[in-house]
Every structure is written in C-alpha cells, then in structure tokens.
Amino acid sequence: MKIATRAGAVAAAAVLSLSLAACSASNEVAADDSSADAAATDTATDEATDAAMSFSGELNGSGASTQEKAMEVWRANFQTENPDLTINYDPVGSGGGRTAFLDGSVSWAGSDAALSEEDGEYDAAVDRCGDAGAVNLPMYISPIAVAFNLEGIDSLNMDAATIAAIFDGEITNWSDDAIASQNEGVELPDLAITMVHRSDESGTTKNFTDYLEQASDGAWGYEASGDWPNDLGESGQGTSGVVQIITSTEGTIGYADHSQTSGLGVVSVKVGDEYVAPSADGAALALTAATPAGVNGDDDLAYELDRTTTEAGAYPVIVLSYVIVCEQYDDADEAAKVTSFLEYTASQEGQAASVDAAGNAPLSSDLSDQVIAVLEGIAAASGV
Amino acid sequence: MTVTEKSGAEKVELTAHRRSVANGVFTGASAAAASLILVVLAAVAAFLLTEAWPALTMDAAELGDRISWIKPEDGQSLIQVTGYLVFGTVLIATMALLIATPLSIGIALFISHYAPRRLASGLGYIIDLLAAIPSVVYGLWGSIVLIPVLQPFYDFLGTYLGWFPLFATDPTTGTVSATGRVALSASLVLAIMVIPIISSVSREVFLQTPKLHEEAALAMGATRWEMIRMAVFPFGRSGVIGATMLGLGRALGETMAVYMILSVGLSYSWNVLLSGKHNTIASYIAGQFPEANAIGVSALIAMGLALFIITLLVNMAARWIVSRRSEFSGAN
C-alpha cells in the first residue's frame, strides 16, 4: 500500500515537472521583452487608425520555433489593433508546421526551410490550396553568432575553415597557429578548446552547418543537417542551454542566435578579405547576395543562400525563416486575416518591432515591399 | 451478540439491507478503478505500437533517408541508434542505483533504528520532501550549481585513476570533460532523485520488523549492528529490493534532469567522464521531438516502446525477486 502511494506521488511529481518543462520554453520569450511590447504597441495603435477593417475570430499558424519570439511580438501588436481577433502560433517546428499547413489545419506555416519539390510538398500544396498552390515568403532573418568564453577577449577573427576545424575537433587549443595567425596582437591562452553544440535538432544547427559546408572549402566533411553531425564536444539543450554552458566554462566556443550572446566573445568571420562581426545589417546584406530559388512562379520568394558571398559587410551565417501561405484561399475571411497579419509582420514597422525581443535583422525595404505586394495579390485573388 | 439474543422472536440481521447496497457500490467502484489501470496500460501499449508501426515496418534504407538523425553513412539504423540509447539509459540508471541504494539503506536504517525519535520523524519528513521537488529543478540545480563543483573532482579522477576504464581520459587531449556534463553527473543527480523513494520505502519496511525478533536478537547478546543483520535485513530484504526497483523505474524514465545535464552523443562507451558519449531514450525523445517530421515522430515513439518494454521487464523482475524472497523472510 505504501509503495503504491509513493508511486502515485512520484508520478504526480513527474507530470508536474513535465508540464513545468513545457512551460519553460515559452516563458523565456515572455520574460525579457515587456518593454519591447510596450514600445511596439505604440506603433501598432498608430497603424490601427489607417487600417480600414477590424478582424474577429481566430487565426492559426504553426511552425518553426525560430520565429517564436518575433511572432510573440507581432501577435501582441496585431491583436491590440484587432481586439476581437485571436492569433495562435504553435511553435511545433518547421516540419510540423509545414505538415499542419498542408493538411489544412492551420492558415499559414512558419518554416526554416522552403517547401520541398522533391518531397512533393508543392504538389501537396495544390491539393490544399487549389491550382495556384502555395508560396514561400521570407519573414524572419537572424544572424547566428559564433560565441566563445576567453577571459579578456571580446572578439576574434576566423575564416570558415578555421571554424570548421575547431568544430570538427581538428584544432584543440586556443593558442593554435591557425587561430593566432588571424589574430595578431591578441594574446591567446594555452587552453584546450571545448566545443559546444545543440543537443536537440534545430534550424540554428542546420544553418550553421550549411555555412560550414559551403564556405569552408572542404574542411567541414559533413552535410548540412539540423542534427549535430559528430560526437565531439559538449552539447546543450536549446539556445539558452548552449549559451549557459559557454558562459559558465572558460575556453568554450559554440554557436547561438546573436541576440542571445551578449556578454560573450564573438567571432568575426572572414568574408572576402575582411572579417565581419555578426549584425542585423550584415545579415540583411547577405540575403541580397542570395539567389532566388522559388519554384512556384514569381510570387515564390524562396532563396538559396550563398554562404560564400564576398560582398563587403555581408554576414553569411544567418537563419532565414519563411512563412508559407496559399496563393489563393477559398475563404475570403481567412485570406483577409492571413494577408493583413503577414503584411503587418513584413512591414518595416513589424520587422522593427520584433528586433528588441528577437534580435532579428529587419527585411530590407525592397524585400519587405516585395513580400507585401505578393500578399496583396493573394488577398485580391481570394476575393477580399 | 447480546442484542440479537434480547430481541428474541424477531430475527434481526447483523447488517441492515442498505448497507449491503453500499457495499456493492463500493466493490464495483474499486474494481472499476483497478481495471482502469489495466485499460490505461493497454491503451498506452496500443498507442505505442500503432504509432511506431510505420517506422518499424519501413525499409531501413528509406528510414535513414527520411530521418535526419539516423545516419546510414555512419552505419546507423533505427535499431542501432536505439541500441546506443538503451545502453546509455541502462548505464546511467544503473550507476545511479549503485550510488543511491547503499546511501538510502543507510538513511533508512538511521531513521528506523539509530536516530532519536524526534530527529527521525523530522528527517523522514525532509526526505519525503525531496521526492516532491520537480525534476526540472533538479536539472537546473545540477547543471548550474552541482556540475561546476564536480568538475575539479572529475579532473582528479581522470588524472590519478585514468587507468581504470570507467574514468579514462580522452585519448587526444588527455583530459576529462571541461564542463562536467558527463554520464557520471547525470547518474549523481538521478541518484539524489531516487534516494527519497528508496529510503522512504525501506524505512517503512525496516520499521515493521517484529519487535520480538529484534528483542530476541538483543537478548542473545547481539550488538545493535548484529541485531540489524540478523533480524532487520532478512525481514526487509524483499521490501528493499522492491524499493530499489521502484527507484530504477524512475531513473530509467527520467527525462528533464538528464536532458539538462548531459552533453549527448551516441556510442557504447564506458568512459563516464567524457562528454558526448551517452544519451538516454527519454532525453533523446525530448530533444528530437520538436523538430521531427511524421516518420521521425513514429521512430521516436518506437524508442518509447523500447523504454516501455525495458521498464516493464524491470518491474516484472522485481516482482519475481520479491515473491521468491518473501517465503523466507516472513514478511507476509
């Protein structure tokens, strides 16, 4: 009898801890940006005056957790503008978001990868949306910083091959010549390098390894993947887990969203002949160097990122995250909600509003206009 | 008795009729509650099987193609990945038990037979409280507070006891993990988590040792320790084994604490001071689930099925041991 009661208590504790864990992921978003919300609310109310109609009901999206922090701000602002509208964004992950969109359970998906022609997702989109199918629209760009913890050093220069060698366990000491030769005048300690990566599958890892694969001239022997490819080094859960390990141990190096790495040393990566530190502007520049890779006509704004760009000032280690929407919605009301909301998020105000909270790099005004034009076209086609 | 005799001519039933209705209702309710457990268990098993089926039946090559965390180029298949994880899960849980069981028995004995009564009840209460701490808190505490303290100790182990396979250092750098996020840390935190379970159950069992047995042992001139060996341990053995298995069940299934403490990797490595060598099934599922595609989820659920089976086997083994021992112990 006693045993059974204890088991009950243990089970209850386990359930409790699981639900707490589930909360914690989303809590971290809410915690740090009440000021951003407040500031952004002002812009939203300004906008409300020129928005002709007000929406009500529900609008559901799901997808990449990359966009979650920005989406939090966008939702809050848009809902202030439209108090009767409830917008939900379920950060189930890119793959989950695309699946939910394609089977029609959400109105739009957020995804770190564009729809894949190989996997038949464009065809599936025709089933879901009608003959015009679906398109990818860039919505969220964020630089990934290569961050490290060395006492007294705030910045180091490295080229992609050096970074690849460190993350593949080839360079194991901070005083290695490969690092020292790029950082004259910096006193590097004779200290073992502890490499830190993500333990969970993530878009950040995928973009970082894609950069290493493309830019390192073969020094990185793996394919781009959301899972860390080797069994070396330390690993942490989520961006916060990685940052926590780097912060607490000297001699560590890892990668994380740039917005989360304040207080740590950050690597400037070699682009062309210069070393470029991560910044929103550099990330936006990198996207202008990308080649369009849309499959579904001119409206499909998918890009193939060129990580080897030599454009001055461009920072090629970025995450590019899309929203995926139908070219035409059967339901005019749904279309109006989706397009108005996403027009707001793609607008300069929307992009600027999320910077404080999410550390994203705002879309360039050209790209922002382009995305808005596509969304207006979708609204028109759906009979709004 | 006397009442029925006095009422004489009229026969009065010992229980009123209404009572027997209540009786029936209660029997039914408790039977329903008991069978609900079986239904839930069957439902879980059925869910695991049906959801895991697509991954279990899919061709290994295609599975490797569609799931990013299975790397066929490294010779991995779903079974192989699961194999690594089962190894990691069992290794970490076993080490946790090896640490926790002796400590727990010590705590239980102290409370039941050594400590003054007031101290004992206070201590027992505090240990029960430990069981109420959410595992995510243990995980945070372990990764932020405990691990930095342990790391120098690991360095010491690696330097002076590195010849012992468990404590071997990394062959290329000659050191152990610089952060301490290793299997041994996970085991230590798990040990702390299962101590309250094992010690409180053991304590209850020890307390039930018949006073006569104890007094008889003492009367024959046994010291207190001899009395415990002669009277308390034989009586409590099955209970302690049951408690240990209960602890093992928790250690096997623990997700959050391991997830937050361990630097993960996949290998059959005994080097518990190196990072990136081990992972557990539960923590792996938690890490991969958010970004998994449909077939990936199915494969993860197949791993969950493996964990379910392991836990089931552990519990059955425990049952068997307990039932075998109980004949000798007199605990029944």
Can you compute the charge dipole magnitude of the protein assembly as shown about its Cα centre, using +1 on each Lys and Arg Cβ and -1 on each Asp and Glu Cβ, nothing else charged? Give it in debye, rounded to the nearest 20. 6700 debye
Rounded, prolate or oblate, given the Cα gyration tensor of the protein assembly as shown, with a/c below 1.5 counting as rounded? oblate
Rounded to the nearest 10 degrees, the helix A:365-381 long axis (Cα) sits at an angle to the longest Cα principal axis of chain A of 30 degrees
With at most 10 neighbouring Cβ atoms within 10 Å, loop GluC sites (Glu not before Pro) (DSSP) excluded, longest segment of chain B: B:14-332
Mean separation of Cα contacts under 8 Å, 6 or more apart, over the residue count of chain A: relative contact order %: 21 percent
Convex hull over the Cα atoms of chain B, averaged projected area in nm²? 26.4 nm²
A:Asp331 and B:Arg324 label points (each 7 Å along its Cα→Cβ direction) are spaced in nm at 6.2 nm
For the stretch B:58-328, what relative contact order do you get, as a whole percent, if you take Cα pairs closer than 8 Å and at least 6 residues apart? 27 percent
Calculate the dipole size of chain A relative to its Cα centre from +1 charges on Lys and Arg beta carbons and -1 charges on Asp and Glu beta carbons; express the result in debye to the nearest 20. 1360 debye
Calculate how many DSSP beta bridges within chain A are antiparallel, expressed in % of all such bridges and rounded to the nearest 5. 60 percent
Any chance you could give the angle, 0 to 90 degrees and rounded to 10, that helix A:2-31 forms with the longest Cα principal axis of chain A? 80 degrees
Expected max-MSF residue from A:Thr252, A:Thr339, A:Thr172 in the GNM of chain A (alpha carbon, under 10 Å) is A:Thr172
Of the options A:Ser235, A:Tyr322, B:Thr101, report the single residue whose Cα projects farthest towards the positive end of the charge dipole of the protein assembly as shown (beta-carbon charges: Lys, Arg +1; Asp, Glu -1). B:Thr101
Taking the Cα-to-Cβ direction at B:Leu129 and at B:Lys211 and moving 7 Å from each Cα, how far apart do the two end points lie in nm? 3.1 nm
At R0 = 35 Å the Cβ-Cβ FRET efficiency linking A:Asp217 and B:Ser77, nearest 0.05, sits at 0.60
Only helical DSSP H runs with n ≥ 4 go in: add -39500 (n - 2.57) per run for chain B, normalise by residue count and round the 222 nm mean residue ellipticity to 500 deg cm²/dmol. -23500 deg cm²/dmol
For the protein assembly as shown, give me the percentage of DSSP beta bridges that are antiparallel, rounded to the nearest 5 percent. 55 percent
With angles folded into 0 to 90 degrees, how steeply does helix B:78-109 sit against the dominant principal axis of chain B? Use alpha carbons for both and round to 10. 50 degrees
Where a ≥ b ≥ c are root eigenvalues of the Cα gyration tensor, a/c under 1.5 meaning rounded, otherwise prolate if a/b exceeds b/c and oblate otherwise, the stretch A:138-177 counts as oblate
Size of charge dipole - the stretch B:58-328 - debye, nearest 20, with Cβ of Lys, Arg +1 and Asp, Glu -1, no other charges: 940 debye
Please give, to one decimal in nm, the separation of the simple spin-label points placed at A:Glu58 and B:Ala219, each 7 Å out from Cα toward the Cβ. 7.4 nm
Heads up, the stretch B:103-160 by the C-alpha gyration tensor (a ≥ b ≥ c square roots of eigenvalues; a/c under 1.5 rounded, else a/b over b/c prolate, else oblate) looks oblate
Separation between Cα centres of the stretch B:189-256 and the stretch A:272-301, rounded to whole Å: 65 Å
In square nanometres, what is one fourth of the surface area of the convex hull spanned by the alpha carbons of the stretch B:81-128? 3.9 nm²
Given a Förster distance of 51 angstrom, what is the FRET efficiency for B:Ala46 paired with A:Asp366, based on the Cβ-Cβ distance and rounded to 0.05? 0.40
Rh_Kirkwood(chain A) over Cα pairs, Å, one decimal, evaluates to 22.0 Å
Say we join alpha carbon atoms closer than 10 Å with springs in a Gaussian network model of chain A; which of A:Asp217, A:Asp306, A:Asp123 then has the biggest fluctuation? A:Asp217
Can you compute the radius of gyration and Dmax for the stretch A:144-284, using only the Cα atoms, both in Å? 13.6, 38
A:Leu188/B:Asp65 FRET efficiency (R0 60 Å; Cβ-Cβ; nearest 0.05): 0.90
Expected integer from the mean partner chain Cβ neighbour count at 10 Å over B:128-141 is 3
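A short reminder: the numbers here are calculations on the coordinates, not readings from a lab. Nothing here was measured: the structure is a model prediction, and the numbers come from that model. Methodologically, a virtual Cβ is constructed for each residue, glycine included, from the backbone with ideal geometry; neighbour enumeration extends over all protein chains shown.
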